[in-house]
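No value in this document is a laboratory result; all are computed from the given coordinates. Since this is a predicted model, take the numbers as computed values, not measurements. Cβ placement follows ideal geometry from the backbone for every residue including glycine, while neighbour counts extend to all protein chains displayed.
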């Protein structure tokens, strides 16, 4: 999803989950929308429903700061995490928000403790973490592909030596 559309999506969903009436544009038509029949308790908006944003580019991180309650990511080094957090804080500030201890960051990972003499290609290890490796590989492939297939963007642990 293009980041502009993503940001608009977050804006609309956050407003709806806050119980607000919000302008929403669909196919060139803008209308006010809101949850109907709140008295029937189809959705509980009295208890805040958090939005955790998965986005890693600067503009997506800024959108997380503007509308999110948390940020989720994978495969980041400390410098990248710090840069992303600076963008998140900038997005919050531009939207008049100050993020406190209630804004959560989740870094997804997977581990497998090797047994004595076991290597990374054992069936047990592959069964435990193989799906995660595939997920992370796809994540970095998307970044590499979208950025013009720049090999310097490939994490060292995925470089074929």
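Hey, what angle do you get for helix 58-67 against the long axis of the chain, alpha-carbon based, 0 to 90 degrees rounded to 10?
On a 0 to 90 degree scale, this one is about 40.
If you fit an axis through the alpha-carbon atoms of helix 78-94 and take the longest principal axis of the Cα set of the chain, what angle between them do you get, 0 to 90°, nearest 10?
Helix 78-94 and the main axis of the chain meet at about 10 degrees.
Quick one: 108, 6, 42, fewest Cβ neighbours within 10 Å first, how do they rank? Present the calculation step by step, with values, prior to reporting the outcome.
Details: 108 14, 6 18, 42 10.
Fewest-to-most Cβ neighbours within 10 Å comes out as 42, 108, 6.
7 Å from Cα along Cα→Cβ at both residue 153 and residue 20: what's the point-to-point distance in nm?
Going from the residue 153 label point to the residue 20 one covers 3.3 nm.
Once fully extended, how much extra length lies between residue 29 and residue 5, figured as 0.36 nm per residue of separation less the alpha-carbon to alpha-carbon distance? Walk me through the intermediate numbers first.
Numbers: separation 24, 0.36 × 24 = 8.64 nm, distance 1.53 nm.
Computed gain between residue 29 and residue 5 is 7.1 nm.
Tell me which label goes with the value of P(r) over Cα pairs in 10 Å bins from 0, in percent computed from the coordinates here: (1) 9, 28, 29, 21, 10, 3, 0; (2) 12, 44, 34, 10, 0; (3) 10, 29, 24, 18, 12, 6, 2.
(1)
Which angle between 0 and 90 degrees, to the nearest 10, do you get for helix 123-146 versus the longest principal axis of the chain when only C-alpha atoms count?
Approximately 60 degrees, to the nearest 10.
Among 48, 7, 40, what is the fewest-to-most ranking by other Cβ atoms within 10 Å? It would help to have the intermediate numbers written out before the result.
On the way: 48 12, 7 21, 40 7.
With the sparsest Cβ surroundings first, the list reads 40, 48, 7.
Counting other beta carbons within 10 Å of each Cβ, put 133, 79 in order, fewest first. If you can, show how the numbers build up before the last one.
On the way: 133 15, 79 8.
Ascending Cβ contact count within 10 Å gives the list 79, 133.
Run the Debye formula on the Cα coordinates of segment 110-161, all scatterers equal and no solvent, and tell me log10 I(q)/I(0) at q = 0.32 1/Å.
-1.19
Assuming R0 = 35 Å, can you tell me the calculated FRET efficiency for the pair residue 47 and residue 132, based on Cβ-Cβ distance, to the nearest 0.05? Could the numbers behind the result be given before it?
On the way: r = 32 Å, r/R0 = 0.91.
It comes out at approximately 0.65.
Just to be sure I understand the model, the point goes 7 Å from the Cα along the line to the Cβ. What's the resulting residue 40 to residue 110 distance in nm?
About 4.2 nm separates the two model spin labels.
Rounded to the nearest 500, what is the 222 nm mean residue ellipticity of the chain from helices alone, with -39500 (n - 2.57) per DSSP H run of 4+ residues and division by all residues?
Helix contribution divided over all residues of the chain: -13500 deg cm²/dmol.
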